[in-house]
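Colleague: Below you will find the structure I want to go over with you.
The values are calculated or read from the model by the stated rules, or taken from the named source; none is laboratory data. Since the model is a prediction, treat every value here as computed from it, not as a measurement. Cβ coordinates were reconstructed from backbone atoms using ideal geometry, including for glycine residues, and neighbour counts include every protein chain displayed. Each accessible area value is taken on the protein alone, full model and side chains, heavy atoms only, with ligands, DNA and RNA left out. Shrake-Rupley method; radii C 1.70, N 1.55, O 1.52, S 1.80 Å.
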Amino acid sequence: MYKQVILSVILTFTLSLVKAQSGSVSGTVRDAQTQETLIGVTVRIEGQSAGTATDTEGRFQFSQIPSGTHVFSISYVGYKSLKVADVKVEGGKATDLSIALQADFGVLEEVVISARTDKSSNHALLNDRKMSSLVLQKVGSEEMSLKGISNVGEGLKKVAGVSVVGEKSLFVRGLGDRYNNATLNGLPIPSTNPDVKLIPLDIFPTAIVKNIEVLKSYNPVYYGDFSGGTIDIVTRDYPEKGFTQLSLSTGYNSLSTGRTFLGMERKGTDFLGFSRGSRAMPSIVKNSGAYDSYFQDDVDPKFKTPFVPKAYTAPLNSGLSFSSGNRYLLKQNRTFGYLLTVSNSNEYSYQPGKAAWFNAQQDAIYDYTTEDYFYKTNTSALLSLYLKSSPRTQMSVTGLFVNDSRDGVQDSYGENWDLGPVYGRRNTLIQNTLTTGQYSITHRLNDKWNFSAAAGYTYTKGSIPDRAQIMVEARGGDVPHYQFSPNGITDVNRFFADLNDQDMASQLKATWKPDYGDFTFGFDVRYKKRRFDARQIDADVKSIRTLFTLDQLDQILSPENLGPGSSSTWRYKEVPNEQNRYRSEMQIYAPYLSYQTTLAERWNLTAGMRFEKSMQSTDYKLDRDVIQAPYRNSTIEGNDFLPSLTLKYQLTP
């Protein structure tokens, strides 16, 4: 024991002595003429194996250098090598050097450097932002991983000037959903919600994302229907080194895990979030213009969502992901790379809250306490293929599938202005699915001309299948009892909604780089087709005046009790509402021109013009229209010139 103590003291003293006898050296390497910092300069200490390279700011650093005088050797392609002698290092002190390299104008053999910037790292994205003439911000997968961000919606909360309200509504510089755009790898993606313009960004897990870009200033390269911001989601591509990875994850929620939880009974793929088919509209309802169970001989329509959810204990949240990627060097200097990512995650969430509505006199129209139980899932699959067919030509193919679901039960209870104490329950499944395929190619003709082209097809479907809702009046009692309202026509109902979007987009772009600036010429084409249908089937229960508990609802509203709607029977009766369906198409053709140049050492000018020829056609009906009535049509055509001018001054070199 004493020997170990003595040995520890000796080692500690020795290490302290060594540290006291060594110092550190750091410095900056610049171009002697322009004073710009140089990246990747090799710095070595002669007589030692120590060596390093300057970072993106031109800085280098050595630590634990023995005290004394040393000689530093600095070398860089295109510059004259330099030796800095008599660099004095003192124990426990830091020495800082300022080094200037002279350009070497001698004749050099051709040096070809092939490299790829890591657009997921913070340093690369900060450099992009610094060099860009636009107002933009980027968040990379590196930062999102460090901060435990699980989806794109959460990632945008880390961007200055961007706020997400209620996990859905996005605001950029105070401007809401209708003023913003969303793209995937530069190509537009449609929404899965008929009430909002942007696709729910929380359906994109960070496992498929390389970086997120938020553009806050207009540029002719982008579509002109935004004034807040354009959010571009860039998916991951092939890695530099091959890998295969299988990951398992779990999570604990203090409000739900191990506690009583309400939800629907699930089987098979329901656990993965694919429940749209199992709760689809029954054929007897689908094939009727306006469903009425009385005129269908009270046949059981076989709706799948019960009015009474199942109570169980919520388990731990869980996740599973598989990733594999590699790069292969082929003959004739060709390169092939791929990345495959498949993941699934689920989460049990409980959210207590309040919901209230007040009139101008501050009287409560209703004031409810709410309890939300949500079972959330996300399944994604990404396949990215890359081929460098020649030193000048690269092409890629990207396929992405995302399925996001939220199966929830919302309980509300409190005071209603008209009904007094009430209890409401809504069992809702929301399932959003996105499938997209994209192809892109770039070709460098020479040092001045670059060409690129891209095309993509995206299909999205947003569904609310068989939402079951009730609203009953509370009648009190030791065991709470309830009663249907005699005036409630829509208090009990089922709701179905489907939104189907097809979006096809293509772009051509050419860049010309003469000595006096950069010109970009381009042409965008977009075609979008949408179909929306929604139906609400009400239950006529107002004649049933018996008291009941909530657990008896499925028994009272069983198919066996279907009838004309008497004191002991009830009836499904749909009131047609033709304004809940429409079909629409959109076409956009847009040539553009952009010019960028440096006016002075710190001034950057970007100017351009975009012309958009657009057409939007909508076939719709009004609420007074009968089912057999033809669709009305409204068509809007536009020819818009969209000029832009951006002048940027860089405060620091």
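Colleague: Starting from the alpha-carbon convex hull of the chain, give the projected area averaged over all orientations, in nm². Present the calculation step by step, with values, prior to reporting the outcome.
Modeller: Details: hull surface 172.9 nm².
Averaged projected area of the chain's Cα convex hull equals 43.2 nm².
Colleague: Which one of W603, L316, L547 has its Cα pushed farthest toward the positive end of the charge dipole of the chain, where Lys and Arg give +1 and Asp and Glu give -1 at the Cβ?
Modeller: Positive-end residue among those listed: W603.
Colleague: How big is D for the range 519-653, in µm² s⁻¹ as a whole number, if Stokes-Einstein is applied with the Kirkwood radius of its Cα pairs at 10 °C and 1.306 mPa s? If you can, show how the numbers build up before the last one.
Modeller: On the way: Rh = 21.2 Å.
The diffusion coefficient I find is 75 µm²/s.
Colleague: Report the paramagnetic label zone for Y457: residues of the range 467-504 whose backbone N is under 13 Å from a point 7 Å from Cα along the Cα-to-Cβ axis.
Modeller: 502-504
Colleague: At a threshold of 8 angstrom on Cα-Cα distance, excluding pairs fewer than six apart, so keeping six or more, what relative contact order does the range 444-522 reach in percent?
Modeller: It comes to 41 percent, rounded to a whole number.
Colleague: Could you work out how far apart the two model spin labels at T269 and K304 are, taking each label as a point 7 Å from the Cα in the direction of the beta carbon, and quote it in nm?
Modeller: Inter-label distance under the simple model: 1.0 nm.
Colleague: So what's the angle, to the nearest 10 degrees on a 0 to 90 scale, between helix 2-20 and the longest Cα principal axis of the chain?
Modeller: Approximately 70 degrees, to the nearest ten.
Colleague: Right, next: At R0 = 30 Å, how high is the FRET efficiency between L330 and Y439 if r is their beta carbon distance? Nearest 0.05 is fine.
Modeller: Details: r = 20 Å, r/R0 = 0.66.
The calculated FRET efficiency here is 0.90.
Colleague: PRE reach from L383 (point 7 Å along Cα→Cβ): which of the range 322-353 fall under 11 Å by backbone N?
Modeller: Answer for the range 322-353: 339-341.
Colleague: Would you calculate a helix-derived [θ] at 222 nm for the chain, using -39,500 (n - 2.57) for each DSSP H run of n ≥ 4 and dividing by the full residue count, to the nearest 500?
Modeller: Only helices count here, giving -2000 deg cm²/dmol.
Colleague: Report, ordered by chain and residue number, the aspartates and glutamates lying within cross-link reach of K216, taken as a straight Cα distance under 12 Å and ignoring same-chain residues fewer than 8 apart.
Modeller: D232
Colleague: Between Q361 and Q502, what is the spin-label point distance in nm, taking each point 7 Å from the Cα along the Cα→C-beta axis?
Modeller: 5.5
Colleague: May I ask which residue of S343, N359, G424 lies farthest towards the positive end of the charge dipole of the range 288-426, with charges of +1 (Lys, Arg) and -1 (Asp, Glu) on Cβ and the Cα centre as origin?
Modeller: S343
Colleague: What percent does the relative contact order of the range 147-189 come to when contacts are Cα pairs within less than 8 Å and at least six residues apart? Don't skip to the answer; put the middle values down first.
Modeller: Details: 32 pairs, mean separation 8.4, N = 43.
Relative contact order for the range 147-189 comes out at 20 percent.
Colleague: Additional query: Return the lysines within reach of K354: Cα separation strictly under 25 angstrom, same-chain partners fewer than 8 residues apart disregarded; answer none if there are no such residues.
Modeller: Excluding near neighbours in sequence, the set is K157, K168, K310, K376.
Colleague: I need the peptides 388-398, 342-352, 550-560, 207-217 ranked by packing, meaning the mean over residues of other C-beta atoms within 10 angstrom, with the highest value on top.
Modeller: 207-217, 342-352, 388-398, 550-560
Colleague: Sticking with this one: Between Q579 and S217, what is 0.36 nm times their sequence separation minus the Cα-Cα distance? Round to one decimal in nm.
Modeller: Extra length from Q579 to S217 when fully extended: 126.6 nm.
Colleague: Compute the signed sum of charges (Lys and Arg +1, Asp and Glu -1) over the other residues within less than 10 Å, Cβ to Cβ, of R178.
Modeller: -1
Colleague: Compute the relative contact order of the chain as a whole-number percentage, counting only Cα pairs closer than 8 Å that sit 6 or more residues apart in sequence.
Modeller: 9
Colleague: Tell me, what is a quarter of the convex hull surface for the C-alpha atoms of the range 470-591, in nm² with one decimal?
Modeller: Directional mean of the projected Cα hull area for the range 470-591 stands at 14.0 nm².
Colleague: Counting pairwise Cα distances across the range 580-624, what percent come out greater than 13 angstrom?
Modeller: That fraction is 72 percent.
Colleague: Can you give me the three principal axis dimensions of the range 180-307 from its C-alpha atoms, in Å, biggest first?
Modeller: For the range 180-307, the Cα spread along each principal axis is 62, 42, 32 Å.
Colleague: Under unit Cβ charges (Lys, Arg +1; Asp, Glu -1), what dipole magnitude, rounded to 20 debye, does the range 366-461 have relative to its Cα centre?
Modeller: Working: 9 positive and 9 negative charges, 221 e Å.
That gives the range 366-461 a dipole magnitude of about 1060 debye.
Colleague: Quote the accessible area belonging to M504 in square angstrom, nearest 10, computed with a 1.4 Å probe and with ligands, DNA and RNA left uncounted.
Modeller: In the full protein context, M504 sits at about 80 Å².
Colleague: Work out the length of the dipole vector of the range 473-582 about its Cα centre, built from +1 on the beta-carbon of each Lys and Arg and -1 on the beta-carbon of each Asp and Glu, and round it to the nearest 20 debye. Walk me through the numbers before you get to the answer.
Modeller: Details: 15 positive and 17 negative charges, 81 e Å.
Roughly 380 debye for the range 473-582.
Colleague: Per residue, what accessible area does the chain have, given a 1.4 Å probe and all protein chains present, in Å²?
Modeller: 54
Colleague: Full-extension gain between D625 and S288, please, as 0.36 nm times their residue separation minus the C-alpha to C-alpha distance.
Modeller: 119.6 nm
Colleague: Mind checking which aspartates and glutamates have their Cα closer than 14 Å to the Cα of K509? Skip sequence neighbours fewer than 8 apart in that chain.
Modeller: Hits, sequence-local ones excluded: D518, D524.
Colleague: Separate question: On full extension of the chain, what length is gained from Q48 through L547, given 0.36 nm per residue of separation minus the C-alpha to C-alpha distance?
Modeller: Details: separation 499, 0.36 × 499 = 179.64 nm, distance 9.03 nm.
The span from Q48 to L547 would gain 170.6 nm if fully extended.
Colleague: Distance between the C-alpha centers of the range 176-192 and the range 293-312? Whole Å please.
Modeller: First find each Cα centre; the distance between them is then 38 Å.
Colleague: Additional query: Give a quick list of trypsin sites (Lys or Arg not before Pro) in the range 535-585 that DSSP marks as loop, anything other than H, G, I, E or B, with at most 13 other Cβ atoms within 10 Å. The partial results should precede the final answer.
Modeller: Working: sites: R535, K542, R545, R571, K573, R581, R583; in loops: K542, R545.
Hits after loop and neighbour filter: R545.
Colleague: Modelling each spin label as a point 7 Å along the Cα-to-Cβ direction, I'd like the Q483/S145 distance in nm, to one decimal.
Modeller: A separation of 6.3 nm, rounded to one decimal place.
Colleague: Quick one: angle between helix 122-131 and the longest Cα principal axis of the chain, in degrees between 0 and 90, rounded to 10, please.
Modeller: Around 80 degrees separate the two axes.
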